[in-house]
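Structure first, commentary second.
None of the figures in this text is laboratory data; all of them are computed from the coordinates on show. Quantities reported herein were computed from a predicted structural model and do not represent experimental measurements. For neighbour counting, all protein chains shown are included, and Cβ atoms are generated from backbone atoms with ideal geometry for every residue, glycine included.
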Amino acid sequence: MNNDQNKKIVILIPCLNEEITIGKVIKDFQAAIPEAEIIVFDNNSTDRTAKIALECGAKVIEEKRPGKGYVVSSMFRKVEADYYVLVDGDDTYSAEHVRQLLEPVMEDRADMAVGARLAEYTDKSFRPLHVFGNNLVRKLVNWIFDNKLTDIMSGYRAYSRELVQSIPILSSGFEVETEMTIRILDYGFRIEEVHLPYKERPEGSESKLRTFHDGFSVLTEIARIAKAYKPFTFFGLVGLAFILAGGVSGIWVILDYLEDEFVNKVPTAILATGLMLLGFGSIGIGILLNTISYRFRENMRLLNKIINKR
């Protein structure tokens with residue numbers, strides 16, 4: 001990391017009504033990594049978050065569009081740096097580990113380092129459904145992309161300049177971490193996890209995460225991106241479901257024919273045939289879209305390399 005002394009590091013903190021914790025978070029990072037610039041992105045806070053951030057010496061930028069996804073997109077569009085650290089403003093992540101988090105990126109071992117939380121946390125750090133949801137999403141993403149990540153939704157991450165300039169952010173809410181992880185895996189960037197402690201929120205600080213609403217948004221985001229980036233997997237599973245449903249329906253028709261040598265359940269036979277055709281058609285669409293998607297990603301990666309060399 002000694003070769004990177006002249007490189008610009010920014011600490012990006014998305015905030016919505018974090019007046020209880022934002023001052024401590026800023027001061028902790030100022031002490032842990034004094035050479036870094038700290039920028040708070042205020043997402044329509046109605047309390048003293050922005051004022052406290054300014055008083056503590058941070059730069060404050062407003063993002064009027066509500067939603068963490070919009071905030072992260074604005075961060076990456078407006079801020080120029082060599083290394084980026086993204087951290088929540090709720091004081092659940094430890095500033096003293098920021099250099100440990102940056103190390104894989106600054107030593108060019110990874111394009112994104114993730115502060116993985118699930119290895120070390122207190123019982124009060126997560127709601128039970130959040131642990132279940134995180135594990136479910138993690139297993140789905142690992143299965144789709146053949147990976148072994150342990151934390152998909154961590155809000156403590158370090159990024160390289162190349163990655164920030166290459167990854168589009170399209171989601172608007174808390175599913176942004178999942179979207180970014182999926183896109184990074186699909187684009188072929190390197191991810192390294194750094195296992196760090198995760199603290200419970202201080203008393204009086206409330207989570208902005210809505211368990212069921214945001215959980216559904218994350219699952220919807222996975223389905224949408226899987227359809228776009230892994231079309232054979234997505235449409236193959238849909239096709240397999242149709243084929244299985246058609247096969248189950250067709251069993252009754254076959255048994256009926258074997259008994260009477262006549263098809264009495266004509267509507268069921270039509271349904272079974274239709275489901276089977278839909279299934280094989282879906283698989284065919286998946287194969288076609290997978291070929292197109294592969295060529296498109298090749299062109300995008302080549303274009304990114306050309307742009308980054310300029």
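Here is how the numbers come out for the structure above:
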| quantity | calculated |
| --- | --- |
| Protection proxy ranking of 16-26, 135-145, 225-235 - average other beta-carbon atoms within 10 Å, highest first | 16-26, 225-235, 135-145 |
| By average C-beta atoms within 10 angstrom, highest first, the peptides 252-258, 79-85 | 79-85, 252-258 |
| LYS7/ILE287 FRET efficiency (R0 30 Å; Cβ-Cβ; nearest 0.05) | 0.10 |
| Rounded to 10°, Cα long-axis angle of helix 211-229 versus longest principal axis of the chain | 70 degrees |
| Förster-model FRET efficiency, 25 Å R0, LYS227 and THR150, C-beta, rounded to 0.05 | 0.50 |
| Two-site FRET efficiency, LEU277 against ILE251, from Cβ-Cβ distance with R₀ of 22 Å, rounded to 0.05 | 0.80 |
| Compactness index (Cα Rg / 2.2 N^0.38 Å), the chain | 1.23 |
| Rough spin-label spacing in nm, given labels placed 7 Å along Cα→Cβ, for LYS199 and THR46 | 2.7 nm |
| Residues LYS265, LYS7 arranged by fewest to most Cβ contacts within 10 Å | LYS7, LYS265 |
| Amide H contacts under 5 Å for ALA81, placed H, 5+ residues apart | none |
| The chain: angle of helix 68-78 to the longest principal axis, Cα-based, in degrees nearest 10 | 60 degrees |
| Computed [θ] at 222 nm, deg cm²/dmol, the chain (DSSP H ≥ 4; -39,500 (n - 2.57); rounded to nearest 500) | -18000 deg cm²/dmol |
| Rg to Rh quotient for segment 45-99, alpha carbon positions, Kirkwood Rh | 0.95 |
| Mean separation of Cα contacts under 8 Å, 6 or more apart, over the residue count of segment 231-309: relative contact order % | 43 percent |
| Cα long-axis angle, helix 128-145 against the chain (0 to 90 degrees, to the nearest 10) | 70 degrees |
| Subset of LYS7/LYS51; LYS227/LYS265; LYS148/LYS230; LYS27/LYS59; LYS64/LYS230; LYS7/LYS78 violating a 24 Å alpha-carbon distance limit | LYS7/LYS51; LYS227/LYS265; LYS64/LYS230 |
| Amide hydrogen neighbours beyond the local backbone of SER45, cut-off 5 Å, H modeled | ASN17 |
| Amide H within-cut-off set for HIS195, under 5 Å, with H built and near neighbours excluded | ALA116 |
| GNM result for the chain, Cα springs below 10 Å: residue of ASP108, ASP260, ASP28 fluctuating most strongly | ASP260 |
